[in-house]
Every structure is written in structure tokens, then in C-alpha cells.
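Below is one structure, written out as C-alpha cells, with a few remarks after it.
Every number in this text was worked out from the coordinates using simple rules, so none of it is lab data. The shown structure was predicted, so the numbers you read here are calculated from the model rather than taken from an experiment. Reconstructed Cβ throughout: ideal geometry from the backbone, glycine too, with neighbour counts over all protein chains shown.
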Amino acid sequence: MTGAADTDLGVAIEAAAAGDDVAFARIVAAHHEDMRRVCVVMTRDEPLAEDAVQSAWSIAWRKLGTLRDPARLRPWLVSVAINQAKDMLRKRHRTPETGIDASAIRVSGGLDPATGIESLDLLAALDHLEPEDRALIAMRYVVGFDATELAAAIGLSPSGTRTRLERALDRLRQELA
């Protein structure tokens, strides 16, 4: 990010934290879909994911003023949504009956019948991972977080984050094998 972009983002965050609905609406518009997509992959339940994101926005509205580094806004928002999704999964006390909605994972060019089975296999393998592993993989490959953003979102160092991601990918490969 450039210095001007950091300044603009910082101003928008300050305005939203001070109660500016328009500034907050811009933040929501910029980040809602990323949060939703990660939560859909993590929870395997679209309505639950949407509830988690809505709950996360309520928390973000109250705590936005505590964010010190504007560059960490996106990872912070996604981590708040992930925490809300985890809480909702714990409260539910049952395995979701639905699988991951394939629309959460965008395949360029749409689903090709020749690769459709591979996509279904991937979704089934993701379904066997822990929610935290699904969230980590979704942040990296669905939303496109880099190592620094991942580290900020999960509270580890970039090298620790890469290790955790590699372990999650190893478990995914084992499920696919």
C-alpha cells in the first residue's frame, strides 16, 4: 500500500470509529464479501456464515477505534468473522447437514464437467478438515491473503503461519489421496 492509501484508509477508519455511517458503509462494501466467503468455507453453511459476518460487523463497529494499523484492517475484520463463526459452530453442537456451497470457491470460467468431479472431491476433502484449517486455506486461496495478512489474522509470525498453512495443506492432500 502507498503512503497516500494508508492515510486515506486511516482517515476512513477514524471517521467510521467516530460514528460516520458513510465511512463505515464503505468499509463494509470493501470487505463484506471476503469475510463471507471465508466463513462459508469454514462453516460449510451459508446462512450460518452470513450470521457470523453480520455479528462480526456489529463487533467491528464497536471496536474499530482500537485498530492501530490501518493496513491490518482486512485481516482484523476476517479474524473477527472467523471468531464469530467458531462461536456459532460451538453453540450449534451438531455437524452441519449441508456441504460447502460451491459458489464460495470461484473457479475461473465456471465449473467444467471435466473438472467438476475434482472440484467436488476438493469440497468433500475440505469438509473433513477442522474449521480453523478451512478458514486458513480459504483466507489464502479464496480471498488471497499473503503471509503477512494471514499472520495478522491468526496472530502468528509469518513463518509460523506458513508452517501452519503447510500442515493444513498436507492434511488436505491426505484427504484427497
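Report ³J(HN,Hα) in whole Hz for each residue of segment 151-156, in order, from the Karplus equation J = 6.51 cos²θ - 1.76 cosθ + 1.60 where θ = phi - 60°; Gly and Pro get x.
Listing the rounded values in order: 4, 5, 6, 9, x, 10 Hz.
Taking K and R as +1 and D and E as -1, what net charge do the other residues with C-beta under 10 Å from the C-beta of His128 add up to?
On the way: positive: Arg134, Arg171; negative: Asp127, Glu130, Asp133, Glu175.
Every neighbour counted, the sum reads -2.
Which peptide among 162-168, 41-47, 75-81 comes first, and what is the full order, when sorted by highest mean count of other Cβ atoms within 10 Å?
Values: 162-168: 15.1, 41-47: 22.3, 75-81: 24.0.
Ranking the peptides 162-168, 41-47, 75-81 by packing returns 75-81, 41-47, 162-168.
Apply the Karplus curve 6.51 cos²θ - 1.76 cosθ + 1.60, θ = phi - 60°, to the phi angles in segment 50-64 and return the couplings in whole Hz, x for Gly and Pro.
For segment 50-64, the Karplus curve yields 5, 4, 4, 5, 4, 5, 5, 5, 4, 5, 4, 4, 6, 10, 4 Hz.
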